[in-house]
Amino acid sequence: MERRQFFRTGVAAGLLGASLPDSLEAITRPRRGRGTTATPTKLSSNENPLGLSPAAEKAIIEGLVDANRYPGDTRRKVIAALAEHHHVGGENIVTGGGSTEILRVAVHAMGLPNGRLVAAEPTFEDAPGYSAPVGIPIDKVPLRPDASHDVPRMRDVASRSDGPVVVFICNPNNPTGTLTSCAEVDAWITEATDNIFFILDEAYFDFVEDSSYWSGLKWINDNPNVLVSRTFSKVYGMAGLRLGYGIAHPTTVRKLIGVATRNNCNHLAGVAGLASLADRTFYRKSVDVNRQSRHILYEALRHLEIEHLPSHTNFVMHRIRGSLADYNGRMLEHGFRVGRPFPPMTDHSRISMGLPTDMERLADTLHTFRNKGWI
């Protein structure tokens with residue numbers, strides 16, 4: 001028997017705790033049962049409820065035979081595939097353990113020494129989170145009333161420093177799901193001084209269907225002060241495997257690599273990422289299922305006249321009554337784990353999209369809450 005086939009049917013089966021099932025889908029099939037307090041349906045972390053692409057599952061099983069090898073060859077293949085996917089050169093790509101590592105290396109490489117970080121409030125916590133421990137001051141700028149980034153105010157704050165300034169723009173924004181005008185951001189990049197470095201976090205790019213939105217990729221060939229951050233965690237369902245990447249000017253990529261973790265990405269994440277990029281059927285299914293689930297939640301919120309933000313992501317933020325802790329506790333009692341607090345918007349709850357059947361049950365739960373006077 002050929003070694004790779006032996007590994008798949010023998011050692012891999014042992015690692016999985018049983019003989020290998022006929023269908024690889026059975027190994028990691030997403031839980032689709034009704035949520036309970038003991039095993040709630042998780043709608044709190046913006047994950048893909050479909051799980052991995054079947055092609056990625058297969059690639060992981062086949063890739064186990066090389067899990068004893070360092071991932072350099074796999075990483076080079078991932079970089080080449082991403083370069084082809086985005087129509088850039090391999091020298092424009094830096095990989096990371098999720099896009100969170102890309103944010104860390106960008107903040108540290110471009111903000112040290114004596115730099116500052118300018119970010120919205122609230123926004124994705126990791127860029128500010130990586131700034132504080134190394135002594136980079138953080139200037140938080142509240143979102144505008146429409147929950148978009150207040151670009152004029154952020155520009156004003158950034159202009160007050162002559163030292164390095166890292167500007168973090170999550171677009172669409174997490175946790176609000178809202179868009180910020182790409183034209184506004186482009187205008188700032190065009191006019192920005194050389195001490196300002198932009199991180200454009202596009203983790204939710206794949207879910208946006210608004211024609212007024214576009215990627216910041218057009219900047220990376222000529223502007224070394226722009227980084228676009230992407231992830232395999234969302235549309236590709238690889239949050240647990242940790243694979244992200246940045247796209248930037250080659251000179252910027254070299255700086256980021258100098259700060260990045262050595263030997264990323266890990267081999268199994270790499271082979272899963274390669275398979276996921278090639279599986280366009282799964283990609284389209286992820287986008288379509290998310291659209292269906294979001295529509296179900298929207299309809300329930302509209303019917304109940306619950307104020308909510310327009311989302312361009314795989315989550316929706318809606319207003320609640322009373323304590324967020326009470327709301328989350330009641331949701332847990334009804335079989336759902338929903339979003340954590342996002343100060344200062346503690347009068348809102350962020351709900352991630354599950355499968356359409358999950359969202360139908362959630363809609364019923366929201367009606368129950370209304371009947372009890374809880375929302």
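The values are calculated or read from the model by the stated rules, or taken from the named source; none is laboratory data. Just so it is clear, the model here is predicted, and its values are computed rather than measured. Heads up, the Cβs are rebuilt from the backbone with ideal geometry, glycines too, and the neighbour counts pull from every protein chain shown.
If I filter the stretch 260-302 down to residues being in contact (Cβ under 8 Å) with a residue 12 or more places away in the chain and among the acidic types (Asp, Glu), which single residue comes out as farthest from HIS108 (Cα to Cα)?
In this case the residue turns out to be GLU299.
Would you pick out the residues in the stretch 96-109 that are under 20 Å from TRP219 (Cβ atoms) and either out of contact with any Cys (no Cβ under 9 Å at 6 or more places or on another chain) or polar (S, T, N, Q) (or both)? Write out each step before concluding.
We begin by selecting, within the stretch 96-109, every residue under 20 Å from TRP219 (Cβ atoms); these are 96, 99, 102-103, 105-107, 109.
Residues satisfying the conditions are SER99, ILE102, LEU103, VAL105, ALA106, VAL107, ALA109.
Inspect the stretch 118-126 for any residue being touching a Pro at 6+ places or on another chain (Cβ under 7 Å), closer than 28 Å to GLY339 by Cβ, small (Gly, Ala, Ser) and in the same structural domain as THR193 (by TED's automatic domain parsing) and give the result as yes or no.
Within the stretch 118-126, the subset touching a Pro at 6+ places or on another chain (Cβ under 7 Å) is 119, 121-122.
Checking the rest, the ones that are also closer than 28 Å to GLY339 by Cβ come to 119, 121-122.
Restricting the remaining residues to those that are small (Gly, Ala, Ser) gives 119.
From what's left, in the same structural domain as THR193 (by TED's automatic domain parsing): 119.
Checked the stretch 118-126: at least one residue is touching a Pro at 6+ places or on another chain (Cβ under 7 Å), closer than 28 Å to GLY339 by Cβ, small (Gly, Ala, Ser) and in the same structural domain as THR193 (by TED's automatic domain parsing).
With respect to ASP206, determine if the residue is surrounded by fewer than 19 Cβ atoms within 10 Å (Cβ to Cβ), in a helix (DSSP H, G or I) and not polar (S, T, N, Q).
On the way: surrounded by fewer than 19 Cβ atoms within 10 Å (Cβ to Cβ): yes; in a helix (DSSP H, G or I): yes; not polar (S, T, N, Q): yes.
Yes, satisfied.
Which of the residues that make up the stretch 223-257 are within 26 Å of LEU112 (Cβ to Cβ) and either modelled with pLDDT under 95 or basic (Lys, Arg) (or both)? Lay out the reasoning, then the answer.
Looking only at the stretch 223-257, we keep the residues that are within 26 Å of LEU112 (Cβ to Cβ), and these are 223-231, 242-257.
Answer for the stretch 223-257, where residues must be within 26 Å of LEU112 (Cβ to Cβ) and either modelled with pLDDT under 95 or basic (Lys, Arg) (or both): ARG230, ARG242, ARG254, LYS255.
Of everything in the stretch 221-252, what is part of a loop (DSSP other than H, G, I, E, B) and under 17 Å from GLY111 (Cβ atoms)? Give them in sequence order.
Listed by number, the residues that qualify are PRO224, ASN225.
Considering only residues of the stretch 317-334 that are under 20 Å from LEU355 (Cα atoms) and touching a His at 6+ places or on another chain (Cβ under 6 Å), which is surrounded by the fewest Cβ atoms within 10 Å (Cβ to Cβ)?
If we take residues in the stretch 317-334 being under 20 Å from LEU355 (Cα atoms) and touching a His at 6+ places or on another chain (Cβ under 6 Å), then HIS318 is surrounded by the fewest Cβ atoms within 10 Å (Cβ to Cβ).
In the stretch 157-174, what count of residues is obtained for those that are over 10 Å from ALA147 (Cα atoms) and either under 13 Å from the mean Cα position of the chain (by Cα) or among the charged types (D, E, K, R) (or both)? Before you say what the answer is, go through the steps one by one.
Step one: list which residues in the stretch 157-174 are over 10 Å from ALA147 (Cα atoms), which gives 157-172, 174.
Pick out the ones that are also either under 13 Å from the mean Cα position of the chain (by Cα) or among the charged types (D, E, K, R) (or both) and you get 160, 162, 170-172, 174.
Summing the residues that are over 10 Å from ALA147 (Cα atoms) and either under 13 Å from the mean Cα position of the chain (by Cα) or among the charged types (D, E, K, R) (or both) in the stretch 157-174 gives 6.
I'd like to know if the stretch 182-189 contains one or more residues that are farther than 22 Å from HIS108 by Cα and either surrounded by 19 or more Cβ atoms within 10 Å (Cβ to Cβ) or touching a His at 6+ places or on another chain (Cβ under 6 Å) (or both). So that I can check it myself, show each step before the final result.
So the first thing to find is which residues in the stretch 182-189 are farther than 22 Å from HIS108 by Cα, and the list is 182-188.
Among the residues that remain, those that are also either surrounded by 19 or more Cβ atoms within 10 Å (Cβ to Cβ) or touching a His at 6+ places or on another chain (Cβ under 6 Å) (or both) are: 185.
Yes; the residues of the stretch 182-189 include at least one that is farther than 22 Å from HIS108 by Cα and either surrounded by 19 or more Cβ atoms within 10 Å (Cβ to Cβ) or touching a His at 6+ places or on another chain (Cβ under 6 Å) (or both).
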